[in-house]
Amino acid sequence: MPATGLRPTRLPRRVPRVRAAALAATGAALTAASLWGPLTGSSEAGGHIDAPSSLTDTAADLTDVYAFSSPDNADMVTLVANVRPFELPGTAANALVDYPFATGARYEIHTDADGDGAPDTTYRWTFRDDDRRPFGLGPKVGPTPVTSLDDRSLGVRQKYTLERITADGGATTLLNDAIAAPTDTGRFLMPDYGKLRGQAIRSLPGGGQTLASQVADSFKADSQVFGLYTFGTRGPVPGWLPDAQPLSALNVNSLIIQVPKREVALKGDPERNPVIGVWASVSRQGADLGRSLAKQAPVFRQVARAGTPHLAFTVYGSTVGFFKPGGPEDRFQARAPKDDHLENEFLADTLDPVPPHRIQTAQGFKAPATPRTDIQALFLKGIGKDNGSAFGFDLNTHTMNADADPGRIVMAEELRLNLTTPVTAAPQPMGVLDGDRQGFPNGRRLNDNIDGPLLRMLEGEPAQPSPPGLLPKPVAALEVADAQRTFPYLNLPHAGP
């Protein structure tokens, strides 16, 4: 195993036509199930079936957030937000399919250095279309192959502005008119997508780099265990969908940024203040209809939020067909982390998660006793020796930051990362539970498995062993390809002829 913390590079895959069709059908089935759940007959779903409010706005639908020490540069931290799930591989036959970022929306990755739940540093991407077609008409790509981002065969490009926002609201423009890598339309029209993606990587002033691009979905999901959250038994739905992993052949859009650790650490000192919280959000432009539209600046409303993965699964055991519009999952999506500690219902829910009760009912494994301070700490405090976490040591709680004011630290749902944890030479997919303190839930690496640890913790680990045989052996052949070892880490998008 390499000393980088990530696994060896697997070349980007071109999807055989038959397999692509089968997986596309499964993906379509999942998407359709997400939209029109068999238990409700209504449209209410989102993300990888765990973010309930935004599937009807897929361009704003956050799927996963990652935060990890950069394996190729120990002084840097990499933050990733994936959005817009279930993108089918491009081919010449479906070259008109396009998966752009939403123009005008604010895609943001936030970091919290002092533990008050408010962002201390925010990276904000805002996209616009650069339509170079005559009269704005015709296909976006072609008719000849695209060989560079300046090629006229790329009729519509997406350009973006990247800003860094500090806690006082000050904004610094890091990039202006940067070009995003386009949707991969297949080998005929984009014979060397890797070259296009390479041209889209931009260096940042002060150090670091970024990329906005379509990528192969990186989520190491194991759909065999989804039913444990929702029904207490294995399988997405027993006897319904197959235990396939369609994400291994589908794409997402990704925002990847690598910045110096000092830029996000409290007082610029990651040694004294090693812990940050990370989350992503998407906000859409709107207006206050109670005032004159002519006299007001654009108003942005948060429509999606993601930090620690699978919160809806873990706390509520909810997915398609279980949640209702305006329910706790929707309220979470619209709420800022700084307000989490004010929501008594949400706090109570984290102390009594649903899945262990369902597993007990379905399989007879006794649920751990409540209140589950360990699960509340997992999402709202981080791993600390004396904060309810069951690990028994300090790892990634904001109280470890020497310059943080303890009186300002609040419970807030964030993906917490200790910037000083060394990159391991022997990464374990199950992360901290299997002794790899660099892995999930100390941040999240691209190759981490998150469902295994979450279910094991729901069943009481590390304070007590989880039931033997609860988790099936992962089917490695169905999982997404391993991430690469160097920036931008994520694999090229799947594409066909």
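The values are calculated or read from the model by the stated rules, or taken from the named source; none is laboratory data. None of the values given here were measured: they were computed from a predicted structure. What goes into the accessible areas is simple: the full protein's heavy atoms, side chains included, and nothing from ligands, DNA or RNA. Shrake-Rupley method; radii C 1.70, N 1.55, O 1.52, S 1.80 Å.
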So who's got an amide H within less than 5 Å of the one on residue 308, skipping anything under 5 residues away but keeping other chains? H placed 1.01 Å off N, in plane.
414, 415
Roll a 1.4 Å probe over the protein chains and send me the accessible area per residue for segment 275-423 in Å².
42
5 angstrom amide H check on residue 130, placed H, neighbours 5+ away:
157, 158, 159
Once fully extended, how much extra length lies between residue 167 and residue 426, figured as 0.36 nm per residue of separation less the alpha-carbon to alpha-carbon distance?
89.6 nm
Would you mind classifying segment 116-180 by shape? Square roots of the alpha carbon gyration tensor eigenvalues, ordered a ≥ b ≥ c; an a/c under 1.5 is rounded, otherwise it is prolate if a/b is larger than b/c and oblate if not.
prolate
Leaving ligands, DNA and RNA out of it, work out the accessible area of residue 106 with a 1.4 Å probe and give it in Å² to the nearest 10.
70
With every protein chain left in place, what is the accessible area of residue 457 in Å² (1.4 Å probe, nearest 10)?
10
Residue separation times 0.36 nm, minus the C-alpha to C-alpha distance between residue 485 and residue 133: what's the value?
122.9 nm
Mind listing the long-range amide H neighbours of residue 495? Cut-off is under 5 Å, sequence gap 5 or more, other chains count too, H placed in the peptide plane at 1.01 Å from N.
15
Of the accessible area of segment 127-201, with the probe set at 1.4 angstrom, what percent is carbon plus sulfur?
53
From the cross-link list 140/195; 220/385; 267/385, which pairs have alpha carbons spaced over 27 Å apart?
220/385
Taking only protein heavy atoms and a 1.4 Å probe, the highest-to-lowest accessible-area order of 313, 86 is 86, 313
Answer rounded, prolate or oblate for segment 134-228, using the Cα gyration tensor with square roots of eigenvalues a ≥ b ≥ c: rounded when a/c is under 1.5, else prolate when a/b is larger than b/c, else oblate.
oblate
Order the following by accessible area, largest value first: 152, 164, 445, 485. Probe radius 1.4 Å; ligands, DNA and RNA are ignored.
152, 485, 164, 445
Honestly segment 422-497 on the Cα gyration tensor test (a ≥ b ≥ c root eigenvalues; a/c under 1.5 rounded, otherwise a/b vs b/c for prolate or oblate) is just oblate
Span from the segment 367-381 Cα centroid across to the segment 75-150 one, whole angstrom
36
Residue 361: accessible area at probe 1.4 Å, nearest 10 Å²?
120
Top to bottom by accessible area (1.4 Å), largest first, where do 110, 341 land?
341, 110
In nanometres, the difference between 0.36 nm per residue of separation and the alpha-carbon distance of residue 357 and residue 152 is 68.0 nm
How much accessible area per residue does segment 147-222 have, in Å², with a 1.4 Å probe?
36
